[in-house]
Amino acid sequence: EAAMRVEPIIAPPVAPRWLATIREWLPWLVAGWLLGVAGFSARLACGFVGTRRLRREATSPVSAAIEDTLGRLASRLGVRRAVRLVESALVEVPTLVGHLRPIILLPAAMLTGLTPRQLEAVLAHELAHVRRHDYLLNWIQTAIETVLFYHPAVWWVSREIRQERENCCDDLALSVCDDRIVYARALARVAELR
(Lines give C-alpha, C1' and ligand atoms only; values in the text may rest on other atoms or scores of the structure.)
Protein backbone atom coordinates (compact mmCIF):
# COMPACT_ATOMS: atom_id res chain seq x y z
CA GLU A 1 0.00 0.00 0.00
CA ALA A 2 1.33 3.29 -1.02
CA ALA A 3 1.25 5.96 1.59
CA MET A 4 -0.57 8.97 0.50
CA ARG A 5 1.15 12.29 1.21
CA VAL A 6 -1.09 15.05 2.26
CA GLU A 7 0.22 18.58 2.15
CA PRO A 8 -1.07 20.81 4.91
CA ILE A 9 -3.23 23.63 3.70
CA ILE A 10 -1.92 26.99 4.92
CA ALA A 11 -4.51 29.69 4.96
CA PRO A 12 -3.37 33.09 3.72
CA PRO A 13 -2.80 35.57 6.54
CA VAL A 14 -5.82 37.65 7.21
CA ALA A 15 -5.10 41.27 8.08
CA PRO A 16 -6.83 42.47 11.18
CA ARG A 17 -9.83 44.67 10.57
CA TRP A 18 -8.10 47.76 12.04
CA LEU A 19 -5.18 47.38 9.63
CA ALA A 20 -7.57 47.29 6.70
CA THR A 21 -9.25 50.44 8.00
CA ILE A 22 -5.89 52.22 8.29
CA ARG A 23 -4.98 51.21 4.75
CA GLU A 24 -8.30 52.57 3.56
CA TRP A 25 -7.79 55.92 5.32
CA LEU A 26 -4.02 56.22 4.72
CA PRO A 27 -4.25 58.44 1.62
CA TRP A 28 -6.51 60.85 3.51
CA LEU A 29 -4.24 60.85 6.56
CA VAL A 30 -1.19 61.59 4.41
CA ALA A 31 -3.06 64.36 2.57
CA GLY A 32 -4.09 65.89 5.91
CA TRP A 33 -0.52 65.68 7.21
CA LEU A 34 0.81 67.33 4.04
CA LEU A 35 -1.74 70.14 4.37
CA GLY A 36 -0.74 70.65 8.00
CA VAL A 37 2.96 70.70 7.16
CA ALA A 38 2.27 73.16 4.34
CA GLY A 39 0.34 75.44 6.71
CA PHE A 40 3.00 75.36 9.41
CA SER A 41 5.73 75.83 6.79
CA ALA A 42 3.92 78.94 5.59
CA ARG A 43 3.87 80.16 9.20
CA LEU A 44 7.60 79.48 9.46
CA ALA A 45 8.26 81.36 6.20
CA CYS A 46 6.20 84.33 7.42
CA GLY A 47 8.22 84.36 10.63
CA PHE A 48 11.44 84.39 8.63
CA VAL A 49 10.23 87.31 6.50
CA GLY A 50 9.08 89.12 9.64
CA THR A 51 12.46 88.78 11.32
CA ARG A 52 14.19 90.11 8.21
CA ARG A 53 11.86 93.10 8.36
CA LEU A 54 12.70 93.66 12.03
CA ARG A 55 16.41 93.74 11.21
CA ARG A 56 16.06 96.40 8.53
CA GLU A 57 13.14 98.69 9.31
CA ALA A 58 12.62 101.36 11.98
CA THR A 59 15.96 100.80 13.72
CA SER A 60 18.46 103.34 14.97
CA PRO A 61 21.82 103.00 16.72
CA VAL A 62 22.12 103.21 20.49
CA SER A 63 24.54 105.42 22.39
CA ALA A 64 28.22 104.56 22.72
CA ALA A 65 27.78 104.10 26.48
CA ILE A 66 25.19 101.37 25.96
CA GLU A 67 27.41 99.75 23.30
CA ASP A 68 30.27 99.73 25.84
CA THR A 69 27.99 98.10 28.41
CA LEU A 70 27.04 95.44 25.85
CA GLY A 71 30.71 94.76 25.03
CA ARG A 72 31.64 94.46 28.70
CA LEU A 73 28.75 92.06 29.37
CA ALA A 74 29.58 90.02 26.28
CA SER A 75 33.14 89.48 27.45
CA ARG A 76 31.95 88.54 30.96
CA LEU A 77 29.51 86.01 29.48
CA GLY A 78 32.08 84.61 27.05
CA VAL A 79 30.23 85.73 23.92
CA ARG A 80 32.89 85.88 21.21
CA ARG A 81 30.81 86.86 18.20
CA ALA A 82 29.93 90.44 17.37
CA VAL A 83 26.44 91.37 18.50
CA ARG A 84 24.76 94.52 17.22
CA LEU A 85 22.45 96.47 19.48
CA VAL A 86 19.83 98.78 17.97
CA GLU A 87 16.75 100.64 19.07
CA SER A 88 13.63 99.42 17.28
CA ALA A 89 10.20 100.95 16.88
CA LEU A 90 8.72 97.59 15.82
CA VAL A 91 9.26 95.48 18.96
CA GLU A 92 7.59 95.66 22.35
CA VAL A 93 10.14 93.61 24.29
CA PRO A 94 13.90 93.08 23.89
CA THR A 95 14.32 90.66 21.01
CA LEU A 96 17.27 88.70 19.64
CA VAL A 97 17.23 88.23 15.87
CA GLY A 98 19.71 86.19 13.87
CA HIS A 99 22.25 83.49 14.56
CA LEU A 100 25.22 84.23 12.31
CA ARG A 101 24.94 88.01 12.73
CA PRO A 102 22.89 88.45 15.90
CA ILE A 103 21.13 91.73 16.58
CA ILE A 104 19.46 92.71 19.83
CA LEU A 105 16.45 94.93 19.21
CA LEU A 106 15.46 97.16 22.11
CA PRO A 107 12.21 99.11 22.22
CA ALA A 108 12.72 102.84 22.67
CA ALA A 109 10.82 102.72 25.97
CA MET A 110 13.46 100.36 27.39
CA LEU A 111 16.24 102.86 26.83
CA THR A 112 14.43 105.60 28.70
CA GLY A 113 12.30 103.59 31.13
CA LEU A 114 15.00 101.41 32.73
CA THR A 115 17.77 102.35 35.10
CA PRO A 116 21.31 101.63 33.85
CA ARG A 117 21.55 98.53 36.08
CA GLN A 118 18.17 97.26 34.90
CA LEU A 119 19.18 97.80 31.27
CA GLU A 120 22.39 95.90 31.97
CA ALA A 121 20.34 92.99 33.35
CA VAL A 122 18.12 92.93 30.25
CA LEU A 123 21.15 93.01 27.94
CA ALA A 124 22.79 90.20 29.93
CA HIS A 125 19.67 88.07 29.40
CA GLU A 126 19.69 88.68 25.64
CA LEU A 127 23.43 87.95 25.44
CA ALA A 128 22.79 84.69 27.29
CA HIS A 129 20.52 83.72 24.38
CA VAL A 130 23.40 84.46 21.99
CA ARG A 131 25.84 82.41 24.05
CA ARG A 132 23.47 79.44 24.15
CA HIS A 133 22.70 79.64 20.38
CA ASP A 134 19.00 79.83 21.24
CA TYR A 135 18.01 81.51 17.99
CA LEU A 136 19.29 78.55 15.96
CA LEU A 137 17.82 76.04 18.40
CA ASN A 138 14.47 77.81 18.17
CA TRP A 139 14.43 77.41 14.38
CA ILE A 140 15.24 73.70 14.73
CA GLN A 141 12.51 73.33 17.34
CA THR A 142 10.02 75.11 15.08
CA ALA A 143 10.93 72.79 12.19
CA ILE A 144 10.22 69.79 14.42
CA GLU A 145 6.89 71.34 15.43
CA THR A 146 6.10 71.77 11.73
CA VAL A 147 6.68 68.11 10.89
CA LEU A 148 5.03 66.71 14.03
CA PHE A 149 2.30 69.36 14.36
CA TYR A 150 -0.40 66.74 14.98
CA HIS A 151 1.06 65.37 18.22
CA PRO A 152 0.05 67.10 21.47
CA ALA A 153 3.15 65.81 23.27
CA VAL A 154 5.34 67.73 20.81
CA TRP A 155 3.59 71.00 21.73
CA TRP A 156 3.84 70.26 25.45
CA VAL A 157 7.55 69.39 25.25
CA SER A 158 8.18 72.42 23.05
CA ARG A 159 6.49 74.76 25.54
CA GLU A 160 8.56 73.26 28.37
CA ILE A 161 11.79 73.64 26.37
CA ARG A 162 11.04 77.30 25.68
CA GLN A 163 10.36 77.94 29.36
CA GLU A 164 13.56 76.16 30.44
CA ARG A 165 15.51 78.10 27.81
CA GLU A 166 14.34 81.35 29.42
CA ASN A 167 15.18 80.00 32.89
CA CYS A 168 18.71 79.10 31.74
CA CYS A 169 19.19 82.59 30.32
CA ASP A 170 17.95 84.09 33.58
CA ASP A 171 20.55 82.04 35.45
CA LEU A 172 23.34 83.14 33.10
CA ALA A 173 22.28 86.77 33.33
CA LEU A 174 22.26 86.56 37.12
CA SER A 175 25.79 85.14 37.06
CA VAL A 176 27.06 88.46 35.69
CA CYS A 177 24.54 90.88 37.26
CA ASP A 178 24.96 89.60 40.85
CA ASP A 179 21.82 91.33 42.14
CA ARG A 180 18.64 89.27 42.00
CA ILE A 181 16.45 92.15 43.14
CA VAL A 182 17.66 94.44 40.35
CA TYR A 183 17.13 91.61 37.87
CA ALA A 184 13.60 90.90 39.12
CA ARG A 185 12.72 94.59 39.03
CA ALA A 186 14.12 94.83 35.50
CA LEU A 187 11.88 91.98 34.35
CA ALA A 188 8.88 93.55 36.07
CA ARG A 189 9.63 96.91 34.49
CA VAL A 190 9.98 95.30 31.04
CA ALA A 191 6.53 93.76 31.54
CA GLU A 192 5.11 97.15 32.57
CA LEU A 193 6.66 98.94 29.58
CA ARG A 194 5.24 96.32 27.25
Residue 188 being on the phi < 0 side of the Ramachandran plot and surrounded by 13 or more Cβ atoms within 10 Å (Cβ to Cβ): no
Looking at the range 147-177 only, could you name the residues that are touching a residue at least 40 places away in the same chain (Cβ under 8 Å) and under 17 Å from the mean Cα position of the chain (by Cα)? 147, 149, 168, 169, 170
The range 67-93 - residue that is in contact with a helix residue (DSSP H, G or I) (Cβ under 7 Å, 6 or more places away or on another chain) and among the β-branched types (Val, Ile, Thr) and, of those, farthest from residue 110 (Cα to Cα): 79
I'm trying to understand the selection: among the residues of the range 108-121, which are open to solvent by 10 Å² or more (accessible area, probe 1.4 Å) and either under 20 Å from the mean Cα position of the chain (by Cα) or not polar (S, T, N, Q) (or both)? 108, 109, 111, 113, 114, 116, 117, 119, 120
Can residue 189 be described as basic (Lys, Arg) and either more than 25 Å from residue 71 (Cβ to Cβ) or under 17 Å from the mean Cα position of the chain (by Cα) (or both)? no
With the range 99-173 as the region, which helices (runs of 4 or more DSSP H) entirely inside it contain at least 2 residues that are closer than 19 Å to residue 188 by Cα? 108-113, 116-131
Residues satisfying the stated conditions in the range 39-95, i.e. open to solvent by 60 Å² or more (accessible area, probe 1.4 Å) and more than 30 Å from residue 175 (Cβ to Cβ): 43, 46, 48, 49, 52, 53, 56, 57, 89, 90
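The values are calculated or read from the model by the stated rules, or taken from the named source; none is laboratory data. This structure is a prediction, so every number in the text was calculated from the model and none was measured. Because the Cβ atoms are built from the backbone with ideal geometry, glycine has one as well, and the counts that use them run over all protein chains shown. Protein only, heavy atoms only, side chains kept; ligands, DNA and RNA dropped before computing areas. Shrake-Rupley method; radii C 1.70, N 1.55, O 1.52, S 1.80 Å.
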